[in-house]
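Q: Can you keep this structure in mind? I'll have questions shortly.
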Amino acid sequence: MSETKRPPALTRRGFLKTTGAAAGVAAAAGAGGALPQLAPAQASASTVTAEGEHTVYTSCRGNCGSKCPTQVVVREGKVVRVSAAELPGDDAPRRRFCVKGYTQPQRIYDPDRLKYPLRRVEGSERGAGEWERVSWDDAIDEIATKIGAAVQEYGGTSVAVWSSYGSYGVLNGCMAGYMSVGYGRFITALGATVLGAGADYAQIYEQSTLLGISGNDQTDIVNAKTIMCWGGNPAEAYIHDWQFVCEAREAGAKLITIDPQYTASAMHSDIYVPIRPGTDGALMLAMANYIIENGLTDEDFMKSRTISPFLVKEDGTYVRMSDFGVEPTQGPISSTTGKPTTIDPNVVWDAQAGEARQASEVENPELLGFFEVNGQQVQTVYQKVKDLITEYTVDKASEICDIPAEQIEELARIYATEGPVAVLTFQGLGHHVNSHHNFKNLAFIAALTGNAGKPGAMMTRGTCGMYPYNSKAYFMGTPGASLTGMYLPQIMETGKWGAQDLNIRVLWCCNGNVLSCESGRAELIEAVKKVDFVMCVDVNMTDTAQWADIVLPIPHAYETQDFDPVCATPYPTFYRKAVDPLYESKTDIDILRLIADKLGMGQIYDKTDDEFLHLVLDTETNLAYGGGYQAFENNTLGRNWSFSDASKIDTFKSTASGRLEYYIEKPAPRNNFGQEVADYERYPYYENAHEAYWDNPLREKYPLMGCSQHHKYHVHSQCAYTPWLRELEPEPRIKINAADARERGISQGDVVRVYNDHGYAVLKALVTEGIKPGVVSIPHGFQADQFIEGHTQDLTSVVMNDFCSNSAFYDFLCEVERCEGGDR
Amino acid sequence: MARYAMAIDTKRCVGCNACSMACKMTNNLPDGTWWTRVLTEGGDEVDTPAGIFPEVSMRYVTVSCQHCDNPACVKVCPVGATYKDPETGVVRQDYDKCIGCRMCMAACPYTGVRSFNWEEPGYSIDHAVGDADIAAHQKHVVEKCTFCYQRLARGETPACMDLCPARARHFGDLDDPDSEVSQLVGERSYEQLLTSEGTKPSVYYLV
């Protein structure tokens, strides 16, 4: 039969489904002031599907961070359909999915899946791609033998687990490098070395960790009067924010995009600012100077809600009440150290009293000025920072950023006077060696103008919090060194981490594809080659797996039971097995169990997966609020009870001062190996990127500034081969401006070689007017065999900023030339 | 009786292809076949703008069968395989009747909305995905968007409506003045594709 039965006229129920989303947005926007929920809202386990089909609720495990709640339809034991899960009540508008999510049925059954354990053919070179199938018994034997020997001879730290953002599952994932029952217990029992991600750490370390900025909820974007896509691209790279941007615009908000690439966000913008890559920090400081000089500051906000009036000594530390003999008191237990915090209040200069007093007791503190306290010269934070940034005038920034001075002034005026302003940042601001300063600078202009801490005003878009969990379930002891894997070349070269010996003999790669998704691939591969034994667990054969001695297959997300506490929506992910694991795949924790057994430490996994999930989720608080494991039982979408309307606005609760901070009193590097910390790590600052800056003499040889983008058809290297997506975008192409292409004799679709001193890649050219002249963008996520030659990350280097240890993906210069016979 | 139509808000559309992929999955489209696609109005390549940087412009237009009120394809089909469903206004295609002459493809002014299966339809995975009640794809048959007739039959909306991330797509009955589509077409400025052809398409692009 080739036709289906005739439909009735569209039913009222069906019609409501189509309109519900729009109606719900309005409801959410006007729903302020509701009490925090004491019980989780529950989406019922709807299984209204055709005969012989059933629906399972889980989430997409793409590491875009979106964690879209998904309904997976299973027919005859196979996944046949996926859709965005309906979310109940006021959360309905948050329903989310994307082009990549819809390809999940294909990704599960992708011919590219790893099916059974593979071992590098004896005698073949690592990376040569010669594999033989081995049994699980043989694979586990070999791995356990290698780990056992390494630990015996060189100690636990000789085993290193290298991960990224593949999964935050509490059983199988690697949040912060090792935070799961599986990896946490193994690593802490052995005292193994944790090699974490370098990607995104300019933002994570500076903005989230040091400045304590969490951003406002995505639904709050609708309250903005101005939206700045600055380092973020909500129309393509985080598409779930876009509908809220649209809603704000329809209510009259202005949309501004600051980006060297003409993205879909730029396409819809009222103002497009084609900035030179890596110079955003200079633009921010120039805006600050303009705002200050033109009296556009919000002094009430600065006095009451920012650290601006705090007094700071000549050595850069704060004046505190202990300087007046007031004993510090004990504060609440820190969630990071597990120890009580110390409260030693800050001090301001009381204008009326003409003396230094505790900040919380002064209504009208001085914002500017030098004072004498206890015989010491002190000044306000604002005075100090204001004086330190004067160099960055509008004219100077105009030169650095290649933006007209008038446009910088316009941006500053809009930012100061047409708020609340929602700045959508993310990693376009995070991939240079100088990137972390951007987040202090942005916090400074927000502090000057009051563009934070209230509806519609944000410095980034936040999440829906973290589902409370019992992290004690992860620990058997303590890990060895914990640092970013980007230091592997340094460690393999010196055999040291800081002053400590560190002799890495076994490398366990998991939860990520670091040799595709960290910068400096060529140098990382050379370091990997120096390690005795390398193993990799993944769903697909990846660029990283290619360099292993043994590769083990793990299941796709929909074949796994696990829990991810990070709430991208108010609904954390309870991964459920929609279907049994395909082929011979085993979960990470099951692999760890087998190895732990062989090593005689099987007792570290003394519970079943289900029991471990209870242990992690059934905290006293969760249970008291109706949460914990039971809230997710029976295919239920459980809500994060700790996320309320009050959590939607970042009111600086996570900072030590309870105020918006843009000054770091005691800056400590993220990975400490004894490096010097410059004084400028304390305050808003600009310096050139490491390599990609306009005046770099290296531009004579490599005139083009490189960058990449978070592309709509990739989730980093996930989906690299997914056939439906590759029908839309079959191969990598480097974006080059038409004028730059013309100069080099390059026509549309020509094969070109892009190169620098780090390496090269050969791929086709996408000649476009959609990128700033002098800048090229090479796609990220394609695997090595999808390039004609080379790789995106062969153009990048392992050079990081040693304060925040971030992969600096965009910090490279290059040249592009047409290949001989390039029109083939 | 109904006259189904779609309104697509180009001021929201970002050309993400979520609609195309939802369609591809739901209708188990063979490799290489797309019933709805995203076209770039701008430069000479997908996702490139017109103009000289930075004075550039671009727009995305999602295109599938326009389910015309006056369909050119219906008039030319020699066997009645292509017909306008009087109950819904959907332009339908009966695979069993289709003789593969491709006259409909030639007559339709909206190039690319129909495709012809020259070979046995191929799939990169072994089992059929999507809705259980779709018509099986056949060799030597013309196929195109059905407005997800199987879903309309269940009182649902087409798969491309499942979740437009930009909330740019609207579907409903033009004969119902209270429908969202009727309201939007009444209130907003819109464009339609190739109106000069006299096909009276049922897809409205809000501008």
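Q: Using the basic label-point model (7 angstrom from Cα toward the beta carbon), what is the residue B:176 to residue A:53 distance in nanometres?
A: Label at residue B:176, label at residue A:53, 2.2 nm between them.
Q: OK, next. Pairs A:100/B:84; A:225/A:648; A:225/A:313; A:115/A:496: which are spaced more than 27 Å apart, C-alpha to C-alpha?
A: The answer is A:100/B:84; A:225/A:313; A:115/A:496.
Q: Here's a follow-up. With +1 on each Lys and Arg Cβ and -1 on each Asp and Glu Cβ, how big is the dipole of the protein assembly as shown about its Cα centre, in debye rounded to the nearest 20?
A: Numbers: 92 positive and 133 negative charges, 475 e Å.
Approximately 2280 debye in magnitude.
Q: Taking residue B:139 as the anchor, which lysines have their alpha carbon closer than 17 Å to its alpha carbon, excluding any fewer than eight residues away along the same chain?
A: Hits, sequence-local ones excluded: B:97.
Q: Separate question: Using heavy-atom solvent-accessible surface (probe 1.4 Å) with all chains present, what is the largest-first order of A:740, B:47? The partial results should precede the final answer.
A: Numbers: A:740 15, B:47 40 Å².
Most to least solvent-accessible, the answer reads B:47, A:740.
Q: Separate question: Sorted by accessible area (1.4 Å probe), largest first, how do A:616, B:56 line up?
A: Details: A:616 0, B:56 25 Å².
Largest to smallest exposure gives the sequence B:56, A:616.
Q: Here is a further query. Putting +1 on Lys and Arg Cβ atoms and -1 on Asp and Glu Cβ atoms, find which of B:137, B:190, B:109 reaches farthest to the positive end of the dipole of region B:74-200.
A: B:109
Q: Can you pull a Stokes-Einstein diffusion coefficient for region A:697-818 at 37 °C (0.692 mPa s), Rh from Kirkwood over Cα pairs, as a whole number of µm²/s? Intermediate values should be presented prior to the final figure.
A: Working: Rh = 14.7 Å.
It comes out at roughly 223 µm²/s.
Q: Name the shape class, rounded, prolate or oblate, that the alpha-carbon gyration tensor gives for chain B, where a ≥ b ≥ c are the square roots of its eigenvalues, rounded holds for a/c under 1.5, and otherwise prolate holds if a/b is larger than b/c and oblate otherwise. Walk me through the numbers before you get to the answer.
A: Numbers: a/c = 1.45, a/b = 1.24, b/c = 1.17.
Rounded, because the longest to shortest axis ratio a/c is under 1.5.
Q: Hey, which of these cross-link pairs are over 29 Å Cα-Cα: A:529/A:586; A:339/A:384; A:339/A:666?
A: Values: A:529/A:586 27 Å; A:339/A:384 32 Å; A:339/A:666 19 Å.
Listed pairs above 29 Å: A:339/A:384.
Q: At a 10 angstrom cut-off on C-beta neighbours, averaged per residue, how do the peptides B:28-37, B:78-87 rank from highest to lowest? Can you show the working numbers first?
A: Details: B:28-37: 19.3, B:78-87: 15.5.
The peptides rank, most packed first, as B:28-37, B:78-87.
Q: So, one more: When the chain is fully extended, how far beyond the present Cα-Cα distance does residue A:624 get from residue A:743, taking 0.36 nm per residue of separation?
A: Values: separation 119, 0.36 × 119 = 42.84 nm, distance 6.78 nm.
Fully extending the segment from residue A:624 to residue A:743 adds 36.1 nm.
Q: Carbon and sulfur: what percent of chain A's accessible surface (1.4 Å probe)?
A: That fraction is 48 percent.
Q: How many Cβ atoms of partner chains, on average, are near each residue of A:728-739 if near means within 10 Å of its Cβ? If you can, show how the numbers build up before the last one.
A: Values: counts 8, 3, 0, 0, 0, 1, 0, 2, 0, 2, 4, 2.
Mean number of neighbouring Cβ atoms from other chains: 2.
Q: Rounding to the nearest 10 and keeping the result within 0 to 90°, find how far the Cα-based axis of helix A:436-449 lies from the longest principal axis of chain A.
A: Once rounded, one gets 50 degrees.
Q: Before I look further, what does the protein assembly as shown give for accessible area per residue, probe 1.4 Å, in whole square angstrom? Walk me through the numbers before you get to the answer.
A: Numbers: 37080 Å² over 1031 residues.
I get 36 Å² per residue for this part.
Q: Roughly how much accessible area, to the nearest 100 Å², goes out of reach of solvent when A and B pair up, both sides summed, probe 1.4 Å?
A: Working: alone 32220 and 10750 Å², together 37080 Å².
Buried: approximately 5900 Å² between B and A.
Q: When ranked by the protection proxy of mean other Cβ atoms within 10 Å per residue, highest first, what sequence do the peptides A:667-673, A:485-491 form? The partial results should precede the final answer.
A: Working: A:667-673: 17.3, A:485-491: 23.7.
Order by mean packing, descending: A:485-491, A:667-673.
Q: Between residue A:503 and residue B:50, what is the spin-label point distance in nm, taking each point 7 Å from the Cα along the Cα→C-beta axis?
A: Using points 7 Å along Cα→Cβ, the separation is 6.9 nm.
Q: With axes computed from alpha carbons, what is the tilt in degrees of helix A:181-190 against the longest principal axis of chain A, rounded to the nearest 10 within 0 to 90?
A: That helix lies at roughly 80 degrees to the long axis.
Q: So for the pair residue A:529, residue A:583, with labels modelled 7 Å out along Cα→Cβ, what separation do we get in nm?
A: 2.8 nm
Q: Given the peptides A:214-227, B:130-143, A:366-379, A:713-726, arrange them by the average over their residues of other C-beta atoms within 10 Å, most packed first.
A: For the peptides A:214-227, B:130-143, A:366-379, A:713-726, the packing ranking is A:214-227, A:713-726, B:130-143, A:366-379.
Q: Nearest 0.05, what FRET efficiency do residue A:664 and residue A:700 give at R0 = 35 Å with Cβ-Cβ as r? Before the final figure, lay out each step's value.
A: On the way: r = 37 Å, r/R0 = 1.06.
It comes out at approximately 0.40.
Q: Set the Förster radius R0 to 35 Å, insert the Cβ-Cβ distance between residue A:294 and residue A:817 as r into 1/(1 + (r/R0)^6), and round the FRET efficiency to 0.05. Please list the in-between numbers first.
A: Numbers: r = 47 Å, r/R0 = 1.35.
After rounding to 0.05, the efficiency reads 0.15.
Q: Using only Cα atoms, find the angle between the long axis of helix A:405-417 and the longest principal axis of chain A, and express it within 0 to 90 degrees, rounded to the nearest 10.
A: 90 degrees
Q: Let me ask something else about it. Would you work out if chain A is rounded, prolate or oblate? Take a ≥ b ≥ c from the square roots of the eigenvalues of the alpha-carbon gyration tensor; rounded if a/c is under 1.5, else prolate when a/b is larger than b/c, oblate otherwise.
A: Details: a/c = 1.29, a/b = 1.25, b/c = 1.03.
Rounded shape, in that the Cα axes give a/c under 1.5.
Q: Now a separate question. Return, ordered by residue number, the residues of region A:285-299 whose backbone nitrogen is under 19 Å from a label point located 7 Å along Cα→Cβ of residue A:390.
A: Of the residues in region A:285-299, A:285-297 have backbone N under 19 Å from the label point off residue A:390.
Q: When Cβ neighbours within 10 Å are restricted to other protein chains, what is their mean count per residue of peptide A:77-84?
A: Numbers: counts 1, 5, 2, 9, 10, 4, 6, 5.
Going residue by residue through A:77-84 and averaging, the value is 5.
Q: Let me confirm one metric for peptide A:96-106, namely the mean number of other chain beta-carbon atoms within 10 Å of its residues' beta-carbons. Mind dumping the intermediate values first?
A: On the way: counts 2, 7, 6, 10, 4, 6, 13, 3, 2, 6, 7.
That works out to 6 on average.
Q: Positive end of the dipole of region A:697-818, charges at C-beta (+1 Lys, Arg; -1 Asp, Glu), about the Cα centre: which of A:795, A:747, A:778 has its Cα farthest in that direction?
A: A:747
Q: Please list, in order along region A:721-737, the HN-Hα scalar couplings obtained from phi with the Karplus expression 6.51 cos²θ - 1.76 cosθ + 1.60 (θ = phi - 60°), rounded to whole Hz, x for Gly and Pro.
A: Coupling constants for region A:721-737: 10, 3, x, 4, 6, 6, 5, 6, 9, x, 8, x, 9, 8, 7, 9, 5 Hz.
The values are calculated or read from the model by the stated rules, or taken from the named source; none is laboratory data. Computed from a predicted structure; not experimentally measured. Note: ideal-geometry Cβ built from the backbone for every residue, glycine included; neighbour counts use all protein chains shown. Just so you know, the surface numbers come from the protein's heavy atoms only, side chains and all, with ligands and any DNA or RNA stripped out. Shrake-Rupley method; radii C 1.70, N 1.55, O 1.52, S 1.80 Å.
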